[in-house]
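For reference, the structure discussed in these notes is given below.
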Amino acid sequence: MQFSTLKIGWRNLGRNKKRTALALLAIGVGQFALLASNGLMRGYADNIRLAITGPMIGHAQVHAPQWREERALDLFIEEVTSIVGEIQADQGVGSAAARIYAPALVAPQQDAFIAMVVGLDMEVESEPYGMLSGLDEPLKERHVLLGHRLAKKAGAEPGMEIAVVGQAADGSLANDLFIVQDIISSPADLVNQSGVVMSLADAQTLLVMPDQAHEIVIRATQAGQAEGIVERLGRSPALAGTEINSWMEIVPELVIILKTSDYVGYFVVVIVFIAAVAGIANTLMMATFERMHEFGMLLALGSRPRRLVHMIVIEAVLTGILGVIIGTALGYLFVFATADSGIDMASWGGSGEVKDMAYKGLNLPLHVFPRLEPSDTLLGLVAVLFTSLVASVWPAWTAARLEPMEAMRA
């Protein structure tokens, strides 16, 4: 009996092919919208997560107390070499690198420009996800790298000698001449806008900071280990008197954006819900009124009203499942088609010059590579099945209340 009811429900989908096709199209478009939007949001969330834990911030950071609030030159970490060694001994740490930041004036010729001296561990920072990721030539002693926007503003070129003037950590005047080795485009917006990048040793000499630094950036071997690393390092006597923060504590605003992106799919589910209700309810109601005579015959021959209800519900569920399959196929086709090339969201603004968005010194790339999780498909399927059942309630209730003779006359 159940098999025959299922067979009848399946055959009923073909009674009015145009109406069924419209219902499937409505559901399929909704499911496609769900997968496409979730794919884009997951891809953009990946960009944000990589930007945070990559070049600028890492998975965790170590500072002197109050440095993050004041950024004062004299708030530095002592005995940096030994502390970096202690951090690298942790089993979850992939790398640790000390950094120095100091405001200064840079003068390629006669005019001076506001800049930021950035002292880096060149070996570590040249690795993937470092601030100088992809640097081809090692930085020479007493040579610097200029951020491309600073270089353009100052009119600086490779090979040019520039003067760097600022205040040293001990209050004395810091000034020296350096050679511009190259103009760079860094993943860190701070470097691009105002960076005068030099080796950590040169920065320590210029600013009178022997074995001192303002920041130690920690990168974990695996994502999700930041909190454990912070907890373990917090118990280390070598790091007593320092502040240790995970990336989630350093940029809580971006963490909120990441969490918010996870809920975008639920908003699109509402669209899927509306599409499913409109498509299925309309199809079933029209089909129910068109088959009044048929239902009356079945009831007269001894079929129970419950079987009519089952037929209508099965028809609704089958319509929903087929629509989800169509939408899922389109959604995954969209993701696979853009998996390698990605989608340049910056081009949506009509300008070819903007390639990323800057926030707190971070470059947030606008070139998104969509990605899907199995749960995205399941979310749409559950939503459509639920709405299919809801949409079938009124037609099924109408069919169950039919009187055989009245239905046959209709």
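The values are calculated or read from the model by the stated rules, or taken from the named source; none is laboratory data. Note that this is a predicted model, so its numbers are computed, not measured. No Cβ is skipped: glycine too gets one built from the backbone with ideal geometry, and neighbour counts run over all protein chains shown.
Could you list, ordered by first residue, the pairs with Cβ atoms under 6 Å in which the first is in the range 113-128 and under 18 Å from GLN193 (Cβ atoms) and the second is modelled with pLDDT under 90 and of a type outside the set (Asp, Glu), at least 6 apart or interchain?
From the range 113-128, the pairs are GLU125/MET131; GLU125/LEU132.
Give the residue that is nearest to ALA213 (Cα to Cα), with candidates limited to residues of the range 228-243 that are over 32 Å from the mean Cα position of the chain (by Cα) and hydrophobic (A, V, I, L, M, F, W, C).
Checking each candidate, the answer is LEU239.
The rows are residues; the columns are (1) within 23 Å of ASP176 (Cβ to Cβ); (2) outside the structural domain of LEU150 (by TED's automatic domain parsing); (3) crowded, with 18+ Cβ neighbours inside 10 Å.
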residue: GLU78; (1), (2), (3): no, no, no
residue: SER82; (1), (2), (3): no, no, no
residue: VAL93; (1), (2), (3): no, no, yes
residue: ALA102; (1), (2), (3): yes, no, yes
residue: ALA115; (1), (2), (3): yes, no, yes
residue: GLU125; (1), (2), (3): yes, no, yes
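Looking only at the range 19-71, how many residues end up being of a type in the set (D, E, K, R) and outside the structural domain of ALA238 (by TED's automatic domain parsing)?
The number of residues fulfilling the criteria is 4.
Starting from residues that are in contact with a helix residue (DSSP H, G or I) (Cβ under 6 Å, 6 or more places away or on another chain) and crowded, with 24+ Cβ neighbours inside 10 Å, keep the ones in the range 33-66 and report whichever is nearest to ARG232 (Cα to Cα).
For the range 33-66, the residue satisfying everything is ALA60.
Matching residues to (1) surrounded by 21 or more Cβ atoms within 10 Å (Cβ to Cβ); (2) of a type in the set (Lys, Arg); (3) in contact with a Gly (Cβ under 8 Å, 6 or more places away or on another chain); (4) not in a loop (DSSP other than H, G, I, E, B):
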{"residue": "ALA96", "(1), (2), (3), (4)": "yes, no, no, yes"}
{"residue": "MET131", "(1), (2), (3), (4)": "yes, no, no, no"}
{"residue": "GLY134", "(1), (2), (3), (4)": "no, no, no, no"}
{"residue": "GLU137", "(1), (2), (3), (4)": "no, no, no, no"}
{"residue": "LEU146", "(1), (2), (3), (4)": "yes, no, yes, yes"}
{"residue": "ALA156", "(1), (2), (3), (4)": "yes, no, no, no"}
{"residue": "GLY159", "(1), (2), (3), (4)": "no, no, no, no"}
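Which condition breaks for SER186 when tested against (1) touching a residue at least 24 places away in the same chain (Cβ under 8 Å); (2) among the polar types (S, T, N, Q); (3) exposed (fewer than 13 other Cβ atoms within 10 Å of the Cβ)?
Condition not satisfied by SER186: (3).
How about the range 143-198: which of its residues are of a type in the set (D, E, K, R) and under 25 Å from ARG71 (Cβ atoms)?
ARG149, LYS153, ASP170, ASP176, ASP189 - these are the residues of the range 143-198 that are of a type in the set (D, E, K, R) and under 25 Å from ARG71 (Cβ atoms).
Pick from ALA174, ALA169, ALA151, ALA163: which is under 28 Å from PRO108 (Cα atoms), without any contact (Cβ under 8 Å) to a residue 60 or more places away in the chain and either of a type in the set (Val, Ile, Thr) or buried (at least 18 other Cβ atoms within 10 Å of the Cβ) (or both)?
Result of the check over ALA174, ALA169, ALA151, ALA163: ALA151.
State whether one or more residues within the range 49-64 are in a helix (DSSP H, G or I) and either in contact with a Cys (Cβ under 9 Å, 6 or more places away or on another chain) or at pLDDT 80 or above (or both).
Within the range 49-64, none of the residues are in a helix (DSSP H, G or I) and either in contact with a Cys (Cβ under 9 Å, 6 or more places away or on another chain) or at pLDDT 80 or above (or both).
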